[in-house]
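First comes the structure, then the notes that go with it.
The values are calculated or read from the model by the stated rules, or taken from the named source; none is laboratory data. The structure displayed is predicted, hence computed values, not measured ones. Using ideal geometry, Cβ is built from the backbone for each residue, glycine included, and neighbour counts are taken over all protein chains shown. SASA here: full protein model, heavy atoms, side chains in, ligands and nucleic acids out. Shrake-Rupley method; radii C 1.70, N 1.55, O 1.52, S 1.80 Å.
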Amino acid sequence: MSKLHLVFGGRVSDPQGLDFTDLHNLDVVGLYPDYKSAEKAWRSAAQRTVDDAEMKYVVVHLHKLLQPDADG
């Protein structure tokens with residue numbers, strides 16, 4: 001199974017949390033086949049909004065959600 005990663009971001013109510021305030025306007029950066037490429041996309045997106053404390057980008061390990069008991 002591929003180790004899929006999703007990179008997305010949006011406005012959060014608290015910069016230290018993950019409570020996205022507007023789910024209809026999330027910025028879906030993309031899906032990536034490995035963590036290295038996902039991290040590169042995440043860094044690029046996060047850097048564009050570095051001065052906006054309410055914007056947050058994350059990497060989601062989709063492969064862990066699809067097969068939570070699998071190693072890796």
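Summarise the long-distance tail of P(r) for the stretch 20-72 by giving the % of C-alpha pairs beyond 14 Å.
61
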How much accessible surface does Leu18 have with a 1.4 Å probe, in Å² rounded to 10?
120
By accessible area (1.4 Å), largest first, Tyr35, Tyr57 order as Tyr35, Tyr57
Kindly write out, for the stretch 19-33 in residue order, the coupling ³J(HN,Hα) from the Karplus curve 6.51 cos²θ - 1.76 cosθ + 1.60 (θ = phi - 60°), rounded to whole Hz, with x marking Gly and Pro.
8, 6, 7, 9, 5, 6, 10, 5, 9, 7, 6, x, 10, 9, x
For every helix of n ≥ 4 consecutive DSSP H residues, a contribution of -39,500 (n - 2.57) applies; sum these over the chain, divide by its total residues, and give [θ] at 222 nm rounded to the nearest 500 deg cm²/dmol.
-7500 deg cm²/dmol
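For Ala46 and Asp34 in the same chain, what is the full-extension length gain: residue separation times 0.36 nm, less their Cα-Cα distance, in nm?
My answer for the length gained is 2.5 nm.
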Sort Glu54, Glu39 by heavy-atom solvent-accessible area, probe 1.4 angstrom, most to least.
Glu54, Glu39
Most fluctuating residue given options Asp34, Asp14, Asp51, as computed from a GNM of the chain linking Cα atoms under 10 Å
Asp51
Write down the accessible area per residue of the chain in Å², having rolled a 1.4 Å probe over the full set of protein chains.
73
From most to least accessible, 1.4 Å probe, no ligand or DNA/RNA atoms counted, Arg11, Arg43 line up as Arg43, Arg11
With a 1.4 Å probe and all protein chains left in place, how much of the accessible area of the chain comes from carbon and sulfur atoms, in whole percent?
53
Can you give the extra length, in nm with one decimal, that the chain gains between Asp19 and Ala53 once fully stretched, where that is 0.36 nm per residue apart less the Cα-Cα distance?
10.9 nm
So what's the net charge close to Pro33: Lys and Arg +1, Asp and Glu -1, counting the other residues with Cβ under 13 Å from its Cβ?
+1
